[in-house]
Amino acid sequence: MKKLIKFFITAIAMFLILSGCGERGPVGPEGPRGPQGPAGPEVIPTSFEFEADLLQSNGFEFFQDIPAEIEVFESDVMLAYVFEDYIEEDDLEVWRQLPLTEFNSNGTVLLDFDFTFVDLRFFQQANYNLGAADEYRGLLIRAVHVPAGFLNQQKTMQLNSAKTFSDLEAMLGFKVKDIGNQ
């Protein structure tokens, strides 16, 4: 009896396996198109180039205004690269990202930058007194503005859209205590 049950189970399994190997039927018609999603942001990173001199006479720092066409927000970042080399046979430019650390016989020199909403500052620092031998003239710098948004800014935008005090309480999920009338 056990052999007969095993035979039937095996036969049914073989039938199911072999019957599933037939030819594929025709492809059905394409379904309806879904609704158009919201438009994505039209903002892309923007770069600009300029030359900078880091000299003893300017305290080894150089300021560059951000072009008026670029609006820098609190959450945005700036990147900076210095032109290092040109490989003629491959027609390639080589750029190095700042900060740069260089080691020489006097010690360590750092070439770095910082930025605000309106300008970038490029500067040199060292673990020794910088002199005329440490000057840079005509550094070609490429600055890149990277627009960004804070992760929690979405909640802030929702809260700003509240039209009434009760809308604000509903979004926050609790009753706001009035401390002005105490």
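Here are the numbers for this structure:
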{"read-out": "Single condition residue 16 does not satisfy, out of (1) modelled with pLDDT of 90 or more; (2) over 30 Å from residue 113 (Cα atoms)", "value": "(1)"}
{"read-out": "Some residue of region 46-55 being part of a loop (DSSP other than H, G, I, E, B), at pLDDT 95 or above, out of contact with any helix residue (DSSP H, G or I) (no Cβ under 8 Å at 6 or more places or on another chain) and farther than 30 Å from residue 149 by Cβ", "value": "yes"}
{"read-out": "Criterion: over 30 Å from residue 71 (Cβ atoms) and outside any helix (DSSP H, G or I) - qualifying residue of 86, 81", "value": "86"}
{"read-out": "Which numbered condition residue 81 fails, given (1) among the hydroxyl-bearing types (Ser, Thr, Tyr); (2) surrounded by 13 or more Cβ atoms within 10 Å (Cβ to Cβ); (3) modelled with pLDDT under 95", "value": "(3)"}
{"read-out": "Enumeration of residues in region 83-132 that are touching a residue at least 60 places away in the same chain (Cβ under 8 Å) and within 27 Å of the chain's Cα centre (by Cα)", "value": "121, 122, 123, 124"}
{"read-out": "The listed residue being in a loop (DSSP other than H, G, I, E, B), of a type in the set (D, E, K, R) and closer than 30 Å to residue 149 by Cβ, out of 23, 69, 30", "value": "69"}
{"read-out": "Hey, residue 102 at pLDDT below 95 and within 24 Å of residue 125 (Cα to Cα) or not", "value": "yes"}
{"read-out": "Candidate set from region 100-153 (those that are in a strand (DSSP E or B) and among the acidic types (Asp, Glu)); member that is surrounded by the most Cβ atoms within 10 Å (Cβ to Cβ)", "value": "112"}
{"read-out": "Some residue of region 107-114 being of a type in the set (Ser, Thr, Tyr), out of contact with any Pro (no Cβ under 9 Å at 6 or more places or on another chain) and more than 14 Å from residue 45 (Cβ to Cβ)", "value": "yes"}
{"read-out": "Number of the condition not met by residue 96 [criteria: (1) at pLDDT below 90; (2) not in a helix (DSSP H, G or I)]", "value": "(1)"}
{"read-out": "Test: residue 64 is of a type in the set (S, T, N, Q), at negative phi and surrounded by 15 or more Cβ atoms within 10 Å (Cβ to Cβ)", "value": "yes"}
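The values are calculated or read from the model by the stated rules, or taken from the named source; none is laboratory data. From a predicted model like this one, the values you see are computed outputs, not experimental measurements. Reconstructed Cβ throughout: ideal geometry from the backbone, glycine too, with neighbour counts over all protein chains shown.
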